[in-house]
Structure formats: structure tokens, C-alpha cells
Amino acid sequence: MSTNYAPPVPFEFPPIYSFPPFFTLQPHAPSRDKQVTAWVDLIRAYCTHHRVYRLSLNASILDLPLFRNAALNRSVSRDMLHTLLTALVKADLAEWTSKSKTHVFVYWKSLSEWSDTLVAWAKDNGFANTVVTGYEVRLGDYVTDQEFYAMDEAVFAKVVAHLDHQRRIVMINPSSNVDELGFKIIG
Amino acid sequence: MHAWHRADLTAAGRVVLDDGSAEAIARSQPRVGLYHDQIRLPSPFDDGTLHVSSHRLVWVAAAATSTAKIVTGDASADTVLACLAPASTVAAVAIQLDRINRAWLQAGFLRSSPKITLDLVWSDPAPPSSSSAPRAATTTSLVCARCGVVPTPSPISAACPQCTFANRVSATVCAMCAYPLPSSSTTICPRCTLTNPVDATKCRACAYVLRDEEAVMLPPVPKSATVKLSFRGGGANAAYKAIKDALQAQAWNRISSPRERALSSPVGTLRDPAAAARLSPVPGRLAPPLAPSMDTGLDMAAPIGVGGLVKRQEQEQQLQQQTLDSAFTDLEALMTKAHDMVTLSNAIAAKLRARTATGTESDESLVAQFRSSMMALGATASLGAADLPSSRAATTDDRDRALAREMADFLHHVFAQGKGQGQIIAVSDLYCMFNRARGVAMVSPHDFWTAAQVLATLQVGFEARTLASGTRVVHAARFADTSLFTDLQQWAARNALDVATAAARWGVAVALAAQLFKHAVAHGCVVVDAPADMYYANRFLEV
């Protein structure tokens, strides 16, 4: 996890989370498909609730409450996690960061949804057709109550690139540093 | 009276033999149909396996079906059928060999298959038709109501050819009409009524031809029936030979071993029955004296007392030595012949392989015939791997089926013993138990497994399976997939399962229970929790 967002209410796990076989990848194919689908839903819900933008295949991730049920003393294995992340990518909810497939960006909202959200915010708050910086939009004082507050930098860069591609913004200052990006949202 | 009577089969469909009289099956031949007189009996009597035993001919139906409504249109055949199959399934029928008068073989011609015809003898004393006294009141009162003459009852009387009065057998002239009666040693010439000797071909007075020189004078034959066996799968010659041998051996009358016959010979010559009883090997059983053709070369001097005992010991040893020697010479001769045969079959197989590419169609059929007969002999080693058919089902022969039936009977016995043994067993365990029970004539593992795989087709309630891990098991219907999964699902719905409790509940080894669980998981019946090795009902598929 790359942000330290503390959600106001704790996440409510679905009942399947307390089923011990849920943490073992089933050999029977139809059962396995259903199991993976349930996991994908759970990961998405959790990431939405906790605003998780990245997941990586390292040792510490297996300690996440998402992947470890302390009450049952069961946790997902690394191989199973790889399977789950692959399924997540396949469901268009994530994207591998690099070819080596060890990190994913989690799109609990898709890029187009984020674009719509940003544009809607700009219009509603009078920032349309004005030049804004990346820092302002991501970490500024006006966005603290927004969903995209403290979004992961790389994801934010992708959103901006997507908006640019859709021609809904005009790039004023393209910069590699996300905070120094300057653009104007066309309203 | 009917020729066939019902025979018993074991639960697995094998013939129950009479152990008390040492009945043994000499020959079995499948695809045999039954005829009664000239009528071909309809299905299911037209296809079955014929077993020739030392005391009976047993015919086992290939398909046991209900025969409640089978009719052939012929009255006697219908009564036979009605007697054999009152309304339930027909499985096996048998004829006692001592009721067979004659048997002869007719070879097949064009489309008719070879047949063996059996002449049977009724056990009735006489046909119920001709009554000797015209107005005898009842069968018990022997006085004729009209003329007061007492006629002799039929078994011990001979009817006069002229007036049909029932005379005593010993009479030479009829008591009524004084006609000279034919007796067993004389015949009466029909032209001049002179009594000739019975074997005369021409009358001594008028040279009338009394009988053909080739014809055989038979005593009057009581009412009989004819049964025919039609061999649609071949094997008629071998079966005929087996029947002939069994009829000649007459195992229901004679003593069996030559040893007993030899040892009973000094007993038979004694006049003192007490000493005979002392010396006889089987108490209370005096054998008939030796037939003159049997030469045992034994010295029979002074068989009483210690000297007699010593002599008897020596005689026994001599006999054993002779038997062993003859057995070993036979064995060596067999081995030489087998060696020759193997060389020959290898040479032929090599030639066949060389010429199958260029052979004509008649050659091909010959080649195919040769291959099938080699396989039937079991000489598969001389055939290359390419010659053997790819599907094992094509070579499932009756030997496999018979072995499978034997295995099924044995399984009944094993599983019935309980002792916590659930109705599933590894094939290796079963193989050891089976061969141990057999003692001699043990079965090879390959043959055993082949026969086990045939079990399912016989529908005796067992089947053999290879589990996913490679373990081969034989189990009763209770462990078939459907019933096993149902049982597991119901049980898992109530609580989480682990291997040890399952093993205890089913009465199987823990390792086997673990494999059954793995099998169930692979089919999605239950789901596994790997770290604790527990099994739960499959909630994923419920949603």
C-alpha cells in the first residue's frame, strides 16, 4: 500500500472470508473459477474502501488483512496471490506496472471513470477552463474531501494522460514530475 | 418328465459343483444353443455357455431374462419351457450324465452349425399306455372283472404277439392262445413260425431273412427324448470328446484314484473281513477287485502282520516312485514340445510380418486367423506390438470373464467378514489374498488386473478403478462415484471432515481414505482446506 489513508469505518468482510477453504486454491476447475471470482470482488471492495492503488508481490503484502484472516489463521500463498492478481488484470481492474509482473496498479475505478470524476469536479468547483497544477488537483486544499485525494502519483499521471488523449484537457506544462504538471480542463 | 432340471449358480453366476462327489468341470464352451427334439428353443435358450462336468451337463444362459411368456408352438417343448422357467429369470439348467443313453456328433454343413445330439432315457419304468387287462377295475385289484384271470403286471410281463395277453416273462407259450412266445434267446420266424436262435440271420426251415447282418438287435427302448446342443461358436469336437470321456468314466459310479484301487487289491483277495478292515486304507470301504487289465506289478504274498505292514509301505513307495517318474518324463516331453512350438510360432510370425505388406486378400484372412489363434493360445510374445489389437476389449475372452466371476465370489467372502474392512480394497491386497486362498494354480498380476476390469461389465456389484494417484482399487457399489459423493455431501453439510474420522467411518485404511477424498475434491464434491487437511461442503458451487 502506498498511501496511509485510514478509512473512517472498518471494512466489512463478506462471509466467504471466514470459510477456511477460501484460502486454498481448489483443484476442481469450476469451483476454482467461482473462488477466484469471489476473490476478485473482495479485492476490489477492499481497495475501494481503503483506497489502495498498488499491490505488489512481496512478502509484506501477505500480511494485509485482506489476504490474511487472523481469526482463522489462514493466509493466501504467494502462488495463489499471483493467480489472483492475474485474474484481477484480466478483469480490467488492474494493470501490471512492468513486464516482470511483480506490481499492479489497482483500478478500483477505471481510468475513464477517474477522468469523468476529475472533469465533473472541475466543473462543479469552478476549475474548468483554468490552468491547474498536478499538485493542486491531487493534494491541494480544495480536494481533501474528494475521492481522488492523495491518489498515487503514477496512477494520477495515467489519468491525466488519458484525459489528454480524450482531448478533455489542454496540456500546458508536461512534466515528468506529476506535481509540476500544468493543464487546463476544458469545461 | 423332462430332461433338463434347474441348476444352481453362485451369486456371481458360476456353477455350484457338488463337492461331495468330487464333481469337476472338464470343458466349457460358450455360444451353445439348445434344441428339444427338433425344435430350436427361442431366446434366451439359444445362447449360453455349456459346461461339461464329470457328472452333469450344465448350460448357463448368457443373458438372464424373464421367460414368462415364451412359447414355441410345440406342446412338449412348451411344457419343457414352462417347467424350466416358471416366471422368474432363467439362469442355468442341467442334465445328469447318467440319463444320457447315447451321444453323437453331426458336423456343421453350409449354414447349420455343428450339433451334438443326446438320446436320453426316461426314468419312468414303462409308458403308461397299453394296459394288459381290458377291464381291470383299478390298478390295485389284479383280477379281471369279466373272466377272472389274474394278469401279470406290466414290468414283469411280456405281451403275446398274437393275442396281446400279458404273460410271465419266463413263459415259453402264451397262457391264453398257446402261441409260442419269443424269448430273449429265440425268435419266431414270421413265415413258418419256427423258433430260431435269436442271432440267426435266416430261418432254418424256410430261409426267410430274419434280420440284416449289419443291424444290431436292440432291446426295446423305453420312451426317450432327444436333446440337441448347437455349437455356434465352435468347439463341438472338443465338447463331444469331453462328453464321451465323462460318459465312459462314469464318475458317479466308480472309485477315482488308481492308488486306492491298487491298495485295495490285497484287501480284495482276503477271505477274512476283519483283517481286511484293519488293512484297508479307508475304513468301511471295500473296493471291488482289480480289473484284470490293471497290472500293478505288486507282490501279494503274506499281507498280514508286521511283515504285511512293511510290505505295504514298500509297495506304496514303489507306486509313488513310479508316479513321480512318469510325471517327470511327461513334463520333460511337454517342455520339449513347448520349445518347438515357440520356435515354430516365432518363425511363422516373422514370415507373416514379412509378407503382410504384399499379401493378397485370402492371405490377409489367413494371417488374421493365425493371429487370433496365437492370441487365443496366449503366445502373444511372438506377435509384435503392432499385431496386438489396440483396444483391450477386443481380446476379452471367456477366461477373463470366468476369472472375474471367481473373483466376485471371493470378494463376497472377503467383504462379508466384516472386521472393520470396508467394501473397498486395494488390488494388491486382494491379489495377495486371492492367490493365497488358491494355493495352487495362481494367477499372474496382469491376468488378475485384466479380469478385475471386466468385473464392471458382469454387473455383480463390484468394480475396479484406478484412482487419480494411480492406486488401483476394487470396491463394491457403495464406493462408486455417485453413492460416495452423495454420502460425502450429506456428511460434510453437517460438519467439517478429516481423513482419520472418514477412514474410521468407512472402515478403510487412512491412506486410501485420503485418496478417496482427493478424488472427491477433484470432482468438486467437497473443497479442501490445505493447511489443516480438512474437507468442507462445496460452498463455491452453491451460490
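B:Arg27 falls short on exactly one of the conditions (1) closer than 19 Å to B:Ala103 by Cβ; (2) of a type in the set (D, E, K, R); (3) assigned to a loop (DSSP other than H, G, I, E, B), and that condition is (3).
So which of A:Val89, A:Val40 ends up being out of contact with any Lys or Arg (no Cβ under 8 Å at 6 or more places or on another chain) and within 14 Å of chain B (Cβ to nearest Cβ)? Show your work before the answer.
Details: A:Val89 fails: within 14 Å of chain B (Cβ to nearest Cβ).
Unique residue meeting the criteria: A:Val40.
Of the residues in the stretch A:56-72, at least one is over 30 Å from B:Ala520 (Cβ atoms), touching a strand residue (DSSP E or B) at 6+ places or on another chain (Cβ under 7 Å), away from chain B (no Cβ under 12 Å) and crowded, with 17+ Cβ neighbours inside 10 Å. Of the residues making up the stretch B:434-476, just one is assigned to a helix (DSSP H, G or I) and of a type in the set (Asp, Glu), namely B:Asp447.
Could we say that B:Ala496 is surrounded by 20 or more Cβ atoms within 10 Å (Cβ to Cβ) and not aromatic (Phe, Trp, Tyr) here?
So B:Ala496 does not fit the description; no.
Just checking, which of B:Val527, B:Val521 is crowded, with 19+ Cβ neighbours inside 10 Å and touching a Ser or Thr at 6+ places or on another chain (Cβ under 8 Å)?
Working: B:Val521 fails: touching a Ser or Thr at 6+ places or on another chain (Cβ under 8 Å).
Of the residues listed, the single one that is crowded, with 19+ Cβ neighbours inside 10 Å and touching a Ser or Thr at 6+ places or on another chain (Cβ under 8 Å) is B:Val527.
Of the residues in the stretch A:17-35, how many are assigned to a helix (DSSP H, G or I) and more than 7 Å from every other protein chain (Cβ to nearest Cβ)?
If we filter the stretch A:17-35 for residues that are assigned to a helix (DSSP H, G or I), which is where we start, we get A:17-18, A:20-23, A:29-35.
Those still in the list that are more than 7 Å from every other protein chain (Cβ to nearest Cβ) too: A:17-18, A:22-23, A:29, A:32-33.
Adding up the residues that qualify gives 7.
Only one of the numbered conditions (1) touching a Leu at 6+ places or on another chain (Cβ under 6 Å); (2) within 14 Å of chain B (Cβ to nearest Cβ) is not met by A:Val76, and that is (1). Evaluate the stretch B:468-480: report whether one residue or more is surrounded by fewer than 20 Cβ atoms within 10 Å (Cβ to Cβ), within 14 Å of chain A (Cβ to nearest Cβ) and in contact (Cβ under 8 Å) with a residue 12 or more places away in the chain. For the stretch B:468-480, residues surrounded by fewer than 20 Cβ atoms within 10 Å (Cβ to Cβ), within 14 Å of chain A (Cβ to nearest Cβ) and in contact (Cβ under 8 Å) with a residue 12 or more places away in the chain: present. If you go through the stretch B:500-522 and keep only what is within 14 Å of chain A (Cβ to nearest Cβ) and either of a type in the set (Ser, Thr, Tyr) or out of contact with any helix residue (DSSP H, G or I) (no Cβ under 7 Å at 6 or more places or on another chain) (or both), you end up with B:Gln515, B:Lys518, B:His519, B:Val521, B:Ala522.
Sort through A:Leu81, A:Leu55, A:Leu42, A:Leu66 and tell me the only one that's in a helix (DSSP H, G or I) and closer than 20 Å to A:Pro7 by Cα.
Details: A:Leu81 fails: closer than 20 Å to A:Pro7 by Cα; A:Leu55 fails: in a helix (DSSP H, G or I); A:Leu66 fails: in a helix (DSSP H, G or I).
That would be A:Leu42, the only listed residue that is in a helix (DSSP H, G or I) and closer than 20 Å to A:Pro7 by Cα.
Here is a list: A:Val52, A:Val76, A:Val9, A:Val36. Which entry is crowded, with 18+ Cβ neighbours inside 10 Å, farther than 30 Å from B:His519 by Cβ and without any contact (Cβ under 8 Å) to a residue 60 or more places away in the chain? Being crowded, with 18+ Cβ neighbours inside 10 Å, farther than 30 Å from B:His519 by Cβ and without any contact (Cβ under 8 Å) to a residue 60 or more places away in the chain holds for just one of A:Val52, A:Val76, A:Val9, A:Val36, which is A:Val52. Just so you know, in the stretch A:112-151 the residues that are more than 18 Å from A:Gly187 (Cα to Cα) and crowded, with 20+ Cβ neighbours inside 10 Å include one that is nearest to the chain's Cα centre (by Cα), and it is A:Met151. Screening the candidates B:Leu541, B:Leu484, B:Leu458, B:Leu488 for the property of being within 28 Å of A:Phe23 (Cα to Cα) and more than 14 Å from chain A (Cβ to nearest Cβ) yields one hit, B:Leu484.
Each reported figure results from applying straightforward, stated rules to the coordinates on display, with no laboratory input. This is a predicted model, so every value here is computed, not measured. Reconstructed Cβ throughout: ideal geometry from the backbone, glycine too, with neighbour counts over all protein chains shown.
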